[in-house]
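Worksheet for the structure shown next.
The values are calculated or read from the model by the stated rules, or taken from the named source; none is laboratory data. If you're wondering where the values come from, they're calculated on a predicted model, not measured in any experiment. Backbone-built Cβ (ideal geometry, glycine too); neighbour counts: all protein chains shown. Side chains are part of the model used for accessible areas, which takes the heavy atoms of the whole protein and leaves out ligands, DNA and RNA. Shrake-Rupley method; radii C 1.70, N 1.55, O 1.52, S 1.80 Å.
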Protein chains: 2
Amino acid sequence: MADLTDAERFADLVVEVGANVQEGQEVDILADLGTEEVVRAIAGAAYRRGARFVDVWWWDALLKRERLLHARADTLDYVPPELGARLLRLGEERGCRIWIIGNPQPHALDGVDPERAGRDLLPRLKESSEVVLARTTNWCIASWPTEGWARQVYPSLEPDEALERLRQELAHVSRFDEPDPAEAWRARVAELRSAAGRLTERAFDSLRFRGPGTDLSVGLFRSSGWHAGTLERIDGLESIVNIPTEEVFTTPDPARVEGTVRATKPLELAGSLIDGIAIRFGGGRAVEIDADSNVDVLRAVAAKDEGAARLGEVALVDGSGRIGALETVFWNTLLDENAASHIALGGSYEFVVEDEAERARANQSEIHVDFMIGSPEVDVDGITGDGDIIPVLRGGAWQI
Amino acid sequence: MADLTDAERFADLVVEVGANVQEGQEVDILADLGTEEVVRAIAGAAYRRGARFVDVWWWDALLKRERLLHARADTLDYVPPELGARLLRLGEERGCRIWIIGNPQPHALDGVDPERAGRDLLPRLKESSEVVLARTTNWCIASWPTEGWARQVYPSLEPDEALERLRQELAHVSRFDEPDPAEAWRARVAELRSAAGRLTERAFDSLRFRGPGTDLSVGLFRSSGWHAGTLERIDGLESIVNIPTEEVFTTPDPARVEGTVRATKPLELAGSLIDGIAIRFGGGRAVEIDADSNVDVLRAVAAKDEGAARLGEVALVDGSGRIGALETVFWNTLLDENAASHIALGGSYEFVVEDEAERARANQSEIHVDFMIGSPEVDVDGITGDGDIIPVLRGGAWQI
C-alpha cells in the first residue's frame, strides 16, 4: 500500500479520533476555501468509515464582504432557510459536523460599516447553538495550513517559509508531530480531564482573575461541573470536539460577574479584528465595552439579544499546553482560545449544570464569542463558599 | 472612480445582460472552485442591483470522486434534501440562478466504476429540470478561465501561456473582447432569433443529418417553434441563459427519431469523458449506444428513466458562430455544444411546443445530456410535410 500523504493521515485523525464518524452518518463539513486537499481526504476517510454523504459548505469571507459592502440594509438579517434546516435535520438524524479552519481573514471586513458587519454572523447560524446544546451531533473543529493564513500569521516571512512554519506549528499543536497522534490525544485528554475533576471537586463559589487591567470575579453555579477534552453526544458517543484542545471549562452564573477585564490576545470575530478589548461587568452584564479597533462590531454582537452581554463560559488553560508556549497569534479562536484562559459572551453549555433550577438560569443567546483573558501575568484564585481564597493558576501553572 | 477589473466588467455582463438580476432577488450561484475572483465580483454586482442574498454552491469534482470511489453502493442515490428544497423555493420566489464554469475536469472520475459514476448526476439535481421547465427563474451559464481548465484544454502549452490563451479564447467567444459586449450580445441574439424565425416559418416535418457515420432523421412537432438567444421567465422577464450562445433549438418528437449518429466532439458528462459516441435510434429510442471511452457511464445515464433514451432537444449551430471556428475542445457543454449542431437525450423544453396535445408528448426525463453531432461535413436538410427536401445547412452555412 502506498504511503499516506500528510493530508490523509490528518484526515484519519479528524475522522476517527476527533469527530468519530459513524457508519451511515451524514457528515457536514464547513471549510475555508484553500483547504481542498485535506477536505477531500476527510471526505474519503469518512466514506471509508461508511458515511452516507459528505456535504461541504465552502466558506469565503471575501464573498461575505461583498454582501456587507453592497447589499441593502434591510436584507442583512436574511439567511436562506435551507442552511438552518440542514443543520436541524443533521441533529435529528444524529449526524456529524466537521469544521476545517484554513484561512482566517481578520481583515476581510476592513472598511465595512461595523453596524452592518455585526448583523450577520455567518457562517454561524442561529440554529448552531441549538444543535450544540441539544448534543445531537458528534463534531470536531480542526485546522489546516494554507498560504493565505501563513501570510497573515507571519507577515515578515517569505511565502513558502511562512507556510512551512505554519505547517510545523499547526502539526505541533495538533500533536500531529507525535509518532501516534491518536494516542497522544488520548493521553492529553486524560490530563485535562484530571484537572477538570480537581476543579469540580473544589466546587468553588467563584473565580477571580487578577492581572494588568484585569480584576474580575466570575460566579459559578454550585452544580456546575468542569469539562475537558471530549463531549458526549446525547446517546453517549464521544468526540474530541477541538483539535487542538487545551482548556478546562464550565458554565458560570450569568448574574454574578463583576469587575473589569482586559483581553490578552486580539480577537477575530466574523471577519473583523478586535484588538485591546476592555470590558467592565456589573450585575453580570457587560456594561462598558471598549477596544482599540472595531469596538462597534463587538458592541453590535453584544447587543444581539438579552444574553449576548452576559457570560456563557469560563475556561482555564494552564502553561503546559502547546499553543501558549509558541506565542503565535493565529487570528482564529480555535487556536488562540486554547493559548490562554478565556471567557465567552453569549450562549452556555447548559448541560454541564447538574441542578435543574441552576440550569434554567444558565445564559442563553444566539451568539457565543470567546475572548482571551489569561496569561502568565494573570493570577487565578478560587473563592470557596466560606470565602477562603485558594490559588488555582500562578504563572500559568496549576496550584491545585 | 477606479478602473474596473476584467472580472468586474464580466460580472456586470453576466448580472445585467445575461441573468438580468432583479431588485430583491435571491441569487444562487453554482461555481467551480478556482473562480473566486469573478464569483465575488458577480456577488458584488448582484448586491448593487438590489439582490437580497447571493448564495454560492462551490463545486469540486474531486470531492465527488471520493464519494464514488469509497461510499457504500446503497448510498449513491442519496442527495441531502435541502439542495432540492432550495432550488424549488428559488423557483417559487422567482429567484435567479447563475452557473460559472471554470474548471471542467473530464478526468476527475477516471478509474471509477462507470455503473457507480452514472448514478449520481450532481451538481445536477432531480429538481433542476422541473425548475427550468416551470420557467420560474431567470438564469445564465457563463465561463471564466482558471489554470486547471487551461491545463486541460492546452496540455502542450506552459501554464501561463495556456491560461492566457484560454483567457483570450473565452473573451472572444463570450464577446467580451468587443468594445460594448452588451450591445454585441443584443446584436447576436437578434441574428440568432432571425434564423429561428425562418426555421419556425418553414414548419419542417423532420430534419435529416447526413455525414461521416451519421444518417439520422429527427421528427419535429407541427407546433414546435424554434428559439434562440433568450428565454422568458413565466412572467416575461428575459435572460440570455448562455454566454456564449450560438444555437437555435427546438423540441423534437421523441417517437420519431430513426437512424445512426456519430458524435463530432467528445462529451464531458458529470466528471467522465466520453469519446467517439455512436448511437442507433429506432422508434425514437436509443437502442444501441457505443463509445470509445466510458460508454457505461452514458448507458447508465440513458437508463435513468423512461425518457432518458429519447431526444429532448435538437439544435442547429451555423458556421458564423465564434466557437466552432476556434476548433478548441473546451471539455464543457456550455462551450462545446455551441460549437456545433447537437441533440440531447432526456428532458425537453416543453414550452416551445404550442399545441397542447403535442406538448403532452414532449419528452420527459430527469436527465438532459447534449452531445455534438454537427460539423462542416454534416449536411442538414429539412423535410416538409409533402416530402420535399430543403437544404438547411451546407458546410456550416445557412441555406434558408
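State which residue is modelled with the lowest pLDDT when the search covers only the stretch B:99-114 and only residues that are in contact with a helix residue (DSSP H, G or I) (Cβ under 6 Å, 6 or more places away or on another chain) and open to solvent by 30 Å² or more (accessible area, probe 1.4 Å).
Looking at the filtered set, the residue picked out is B:Pro114.
State which residue is modelled with the lowest pLDDT when the search covers only the stretch B:360-393 and only residues that are charged (D, E, K, R) and either in the same structural domain as B:Glu130 (by TED's automatic domain parsing) or under 30 Å from B:Glu127 (Cα atoms) (or both).
Among residues in the stretch B:360-393 that are charged (D, E, K, R) and either in the same structural domain as B:Glu130 (by TED's automatic domain parsing) or under 30 Å from B:Glu127 (Cα atoms) (or both), the one modelled with the lowest pLDDT is B:Glu366.
Hey, among the residues in the stretch A:69-85 that are more than 7 Å from every other protein chain (Cβ to nearest Cβ) and over 21 Å from A:Leu109 (Cα atoms), which one's least open to solvent (accessible area, probe 1.4 Å)?
That would be A:Gly84.
Residues checked against (1) in contact with a strand residue (DSSP E or B) (Cβ under 9 Å, 6 or more places away or on another chain); (2) not aliphatic (A, V, I, L, M):
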| residue | (1), (2) |
| --- | --- |
| A:Gly102 | yes, yes |
| A:Pro114 | yes, yes |
| A:Arg119 | no, yes |
| A:Thr137 | yes, yes |
| A:Trp149 | yes, yes |
| A:Leu157 | no, no |
| A:Arg175 | no, yes |
| A:Ala187 | no, no |
| A:Ala195 | yes, no |
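Quick check: anything in the stretch A:41-50 assigned to a helix (DSSP H, G or I), without any contact (Cβ under 8 Å) to a residue 40 or more places away in the chain, open to solvent by less than 30 Å² (accessible area, probe 1.4 Å) and more than 7 Å from chain B (Cβ to nearest Cβ)?
So far as the stretch A:41-50 goes, yes, one or more of its residues are assigned to a helix (DSSP H, G or I), without any contact (Cβ under 8 Å) to a residue 40 or more places away in the chain, open to solvent by less than 30 Å² (accessible area, probe 1.4 Å) and more than 7 Å from chain B (Cβ to nearest Cβ).
Which residue out of B:Ser223, B:Ser217 is among the hydroxyl-bearing types (Ser, Thr, Tyr), open to solvent by 20 Å² or more (accessible area, probe 1.4 Å) and closer than 17 Å to B:Gly197 by Cα?
So the residue among B:Ser223, B:Ser217 that is among the hydroxyl-bearing types (Ser, Thr, Tyr), open to solvent by 20 Å² or more (accessible area, probe 1.4 Å) and closer than 17 Å to B:Gly197 by Cα is B:Ser223.
Give the stretch A:193-214 a look and list any residue that's in a helix (DSSP H, G or I) and open to solvent by less than 60 Å² (accessible area, probe 1.4 Å), or say none.
Scanning the stretch A:193-214 gives A:Ser194, A:Ala195, A:Ala196, A:Gly197, A:Leu199, A:Thr200.
Check B:Leu4, B:Leu88 and return the single one that is modelled with pLDDT under 95 and either more than 13 Å from B:Trp144 (Cβ to Cβ) or of a type in the set (A, V, I, L, M) (or both).
The conditions single out B:Leu4.
Tell me the helices (runs of 4 or more DSSP H) entirely within the stretch A:281-391 that contain at least 1 residues that are small (Gly, Ala, Ser).
It comes to A:295-302, A:356-361.
Quick one: A:Gly276 ticks every box in (1) within 27 Å of A:Gln105 (Cα to Cα); (2) part of a strand (DSSP E or B) bar one, so which box is it?
(2)
Applying the selection to the stretch B:315-355, what residues are within 26 Å of B:Pro155 (Cα to Cα) and either free of Cβ contacts under 8 Å to residues at least 40 places away in the same chain or not assigned by TED's automatic domain parsing to the domain that holds B:Asp305 (or both)?
B:Ala325, B:Glu327 - these are the residues of the stretch B:315-355 that are within 26 Å of B:Pro155 (Cα to Cα) and either free of Cβ contacts under 8 Å to residues at least 40 places away in the same chain or not assigned by TED's automatic domain parsing to the domain that holds B:Asp305 (or both).
Checking B:Asp160 against (1) buried (at least 20 other Cβ atoms within 10 Å of the Cβ); (2) farther than 23 Å from B:Ser348 by Cβ; (3) at pLDDT 95 or above, only one condition comes out false. Which one?
Here B:Asp160 clears every test but (1).
Has the stretch A:53-60 got any residue that is touching a strand residue (DSSP E or B) at 6+ places or on another chain (Cβ under 9 Å), surrounded by fewer than 21 Cβ atoms within 10 Å (Cβ to Cβ) and among the β-branched types (Val, Ile, Thr)?
Taking every residue of the stretch A:53-60 in turn, none turns out to be touching a strand residue (DSSP E or B) at 6+ places or on another chain (Cβ under 9 Å), surrounded by fewer than 21 Cβ atoms within 10 Å (Cβ to Cβ) and among the β-branched types (Val, Ile, Thr).
With the requirement that a residue be open to solvent by 20 Å² or more (accessible area, probe 1.4 Å) and of a type in the set (Asp, Glu), what does the stretch A:253-278 give you?
A:Glu258, A:Glu268, A:Asp275
Residues to consider are B:Leu33, B:Leu88; find the one that is of a type in the set (A, V, I, L, M, F, W, C) and either away from chain A (no Cβ under 11 Å) or open to solvent by 50 Å² or more (accessible area, probe 1.4 Å) (or both).
B:Leu88
Those residues that are more than 7 Å from chain A (Cβ to nearest Cβ) and not small (Gly, Ala, Ser), I need them from the stretch B:55-68; list them, please.
Across the stretch B:55-68, the qualifying residues are B:Trp57, B:Trp59, B:Lys64, B:Arg65, B:Leu68.
Residue check, A:Phe281 against (1) at pLDDT below 95; (2) under 25 Å from A:Glu350 (Cβ atoms); (3) out of contact with any Pro (no Cβ under 9 Å at 6 or more places or on another chain); (4) buried (at least 21 other Cβ atoms within 10 Å of the Cβ), all met but one. Which one?
With (1) at pLDDT below 95; (2) under 25 Å from A:Glu350 (Cβ atoms); (3) out of contact with any Pro (no Cβ under 9 Å at 6 or more places or on another chain); (4) buried (at least 21 other Cβ atoms within 10 Å of the Cβ) applied to A:Phe281, the lone miss is (1).
Looking at B:Glu178, B:Glu130, can you tell me which residue is among the charged types (D, E, K, R), more than 24 Å from B:Cys96 (Cβ to Cβ) and open to solvent by 20 Å² or more (accessible area, probe 1.4 Å)? Can you show your working first?
On the way: B:Glu130 fails: more than 24 Å from B:Cys96 (Cβ to Cβ).
Exactly one residue qualifies, and that residue is B:Glu178.
Just to be sure before I move on: is B:Phe249 in contact with a Ser or Thr (Cβ under 8 Å, 6 or more places away or on another chain), among the aromatic types (Phe, Trp, Tyr) and at pLDDT 95 or above in the structure I sent? Lay out the reasoning, then the answer.
On the way: in contact with a Ser or Thr (Cβ under 8 Å, 6 or more places away or on another chain): no; among the aromatic types (Phe, Trp, Tyr): yes; at pLDDT 95 or above: yes.
In short, no.
Just give me the residues in the stretch B:368-400 being among the small types (Gly, Ala, Ser) and under 10 Å from B:Arg208 (Cα atoms), in sequence order.
Residue satisfying the conditions is B:Gly382 alone.
Quick check on B:Thr230: is it surrounded by 15 or more Cβ atoms within 10 Å (Cβ to Cβ) and either charged (D, E, K, R) or assigned by TED's automatic domain parsing to the domain that holds B:Gly91 (or both)?
no
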